[in-house]
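The values are calculated or read from the model by the stated rules, or taken from the named source; none is laboratory data. The structure displayed is predicted, hence computed values, not measured ones. Don't worry about glycine lacking a Cβ; one is built from the backbone with ideal geometry, like all the others, and counts go over all protein chains shown. Remember, those area values only see protein heavy atoms, side chains included, never the ligands or the DNA or RNA. Shrake-Rupley method; radii C 1.70, N 1.55, O 1.52, S 1.80 Å.
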Amino acid sequence: MTHIHELRSRLEAWPRFKYGSYPTPLEPLPNLTKQLAGPQLWIKRDDIIGPGMGGNKARKLEFLMAEAVEQGKDKVVTFGGLQSNHARMTAAACAPLGIEAHLFYFGPKPKDLRGNLLLNQLLGAKMHFVPFGGGNDGSLTIETTNRLVRMLATVRLGPGAYFIPVGGHSVLGCLGYVNAALEIHEQLSHLRLTNHPVTVVTAAGTGGTLAGLMAGFTLIGTRVKVLGIDIGKLWRAFPTAIARLAGDLCAALGETHQYRPEDTPVIENRYAGMGYARVSDDTLLAIKTVAQTEGIMLDPVYTGKAFAGVIDLIRKGRFGEDEHVVFLHTGGYPALWVDEDMFAV
Ligand SMILES: Cc1ncc(COP(=O)(O)O)c(C=O)c1O
């Protein structure tokens with residue numbers, strides 16, 4: 001166990017840009033708490049940080065972009081699904097630095113560029129649509145996918161670009177969520193909640209946000225629990241990758257912790273519906289419920305699906321009325337403008 005101040009000073013050893021004003025707000029959700037009649041619900045507003053309309057990738061890009069600049073890179077390469085917020089935020093982080101953002105997508109180029117793709121265009125990013133490969137269907141591990149895409153990008157662009165793994169899923173990027181864990185712990189402590197049962201729930205896409213939170217909470221020895229909700233069935237051996245990353249984060253911060261894949265707090269498949277970016281009625285209902293009770297928007301690809309999971313878990317009695325659930329709002333707004341009929345009745 002490491003004292004929070006010591007851990008913070010270890011984290012400060014890494015060069016970092018600041019893309020937000022911290023701590024991000026931790027707000028109660030009184031109407032939703034009443035309506036769902038379960039645990040006390042809170043929302044942690046990581047949707048409001050970062051470049052180019054924000055989201056959780058801001059905390060990862062703070063470290064990753066600082067390294068790209070330190071290495072004197074003039075090109076950054078990354079990739080993701082068609083509505084990748086990570087790719088859009090990488091484009092936004094590159095723009096003011098005069099760095100070219102190269103975004104790889106695996107699938108044919110859509111007829112209309114909507115949502116995040118439209119914003120990439122506005123930000124001047126170079127989009128590469130490759131009609132095959134890219135994993136994302138559960139057949140490859142994250143590590144293999146990153147390796148393959150990195151090779152492909154090197155063939156296309158030549159060597160020397162700064163490569164950011166899908167979703168910023170690396171030790172360096174996920175230090176950002178170790179930081180977030182410390183921040184949440186301090187906020188809970190001001191609210192005198194650290195001795196209460198608290199679970200922080202996040203959408204899990206590449207699982208880096210979850211791994212960072214796991215490592216952060218373990219390192220400071222808090223009782224706060226974390227739970228990831230898989231939103232896409234994207235990767236083979238997903239819990240193994242998350243467990244490994246959490247262990248590597250602890251090691252990078254000076255402590256040894258082994259996480260077993262079977263103990264990784266992620267609910268796989270159950271709330272992912274038909275797969276990544278395939279929107280189900282439960283997701284739409286969750287988005288509407290949060291919007292119409294609290295005036296807060298979620299997104300259809302990540303947070304809406306994760307919140308549909310929270311609602312179902314509450315209905316099934318997973319959290320008692322004396323418990324607190326902190327939903328991490330990880331952003332994702334641009335995907336609300338992809339299908340104009342999404343909320344039509
Ligand atoms: C809006 C949003 N929420 C959640 C996630 C999941 O984060 P992670 O990839 O760290 O699991 C992502 C990206 O994948 C995202 O864009």
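Projecting the Cα positions of I242, G216, G72 onto the charge dipole of the chain (unit charges on Cβ atoms of Lys, Arg, Asp and Glu, taken about the Cα centre) puts G72 furthest along the positive direction. Sites listed here are trypsin sites (Lys or Arg not before Pro) in region 1-83 whose DSSP assignment is loop and whose Cβ has at most 12 other Cβ atoms within 10 Å: K18.
Put a dot 7 Å past the Cα of D263, heading toward its Cβ, do the same for T2, and the two dots end up 1.9 nm apart. Counting charges near Y333 (Lys, Arg +1; Asp, Glu -1) among other residues having Cβ under 12 Å from its Cβ returns a value of -1.
Give me the accessible area per residue for region 165-217, probe 1.4 Å, as a whole number in Å². Mind showing how you got there, number by number?
Values: 1200 Å² over 53 residues.
About 23 Å² of surface per residue is accessible.
Taking 0.36 nm per residue of separation and subtracting the current Cα-Cα distance, fully stretching the chain between T141 and K288 would add 49.6 nm. Can you give the accessible area of R318 in Å² (nearest 10), computed on protein heavy atoms with a 1.4 Å probe? That residue has around 120 Å² of solvent-accessible surface. For region 57-168, lysine pairs with C-alpha atoms less than 26 angstrom apart, excluding pairs fewer than eight positions apart on the same chain, total 12. Listed by chain and number, the lysines whose C-alpha is less than 28 Å from the C-alpha of K316, apart from same-chain residues fewer than 8 away, are K34, K44, K225, K233, K288, K305.
Just check the chain against the gyration tensor rule for me: Cα atoms, a ≥ b ≥ c as the square roots of the eigenvalues, rounded for a/c under 1.5, and otherwise prolate or oblate depending on whether a/b exceeds b/c. Mind dumping the intermediate values first?
Details: a/c = 1.61, a/b = 1.19, b/c = 1.35.
Oblate, because a/c is 1.5 or more while a/b does not exceed b/c.
Between region 321-345 and region 220-281, the C-alpha centres lie 20 angstrom from each other.
One chain, two ends: E12 and F132. Fully extended at 0.36 nm per residue, the span grows by 39.2 nm beyond their Cα-Cα distance. Ordering G115, M127, F63 by Cα displacement along the dipole of region 51-142 toward the positive end leaves G115 in first place; charges were set at the Cβ atoms of Lys, Arg (+1) and Asp, Glu (-1).
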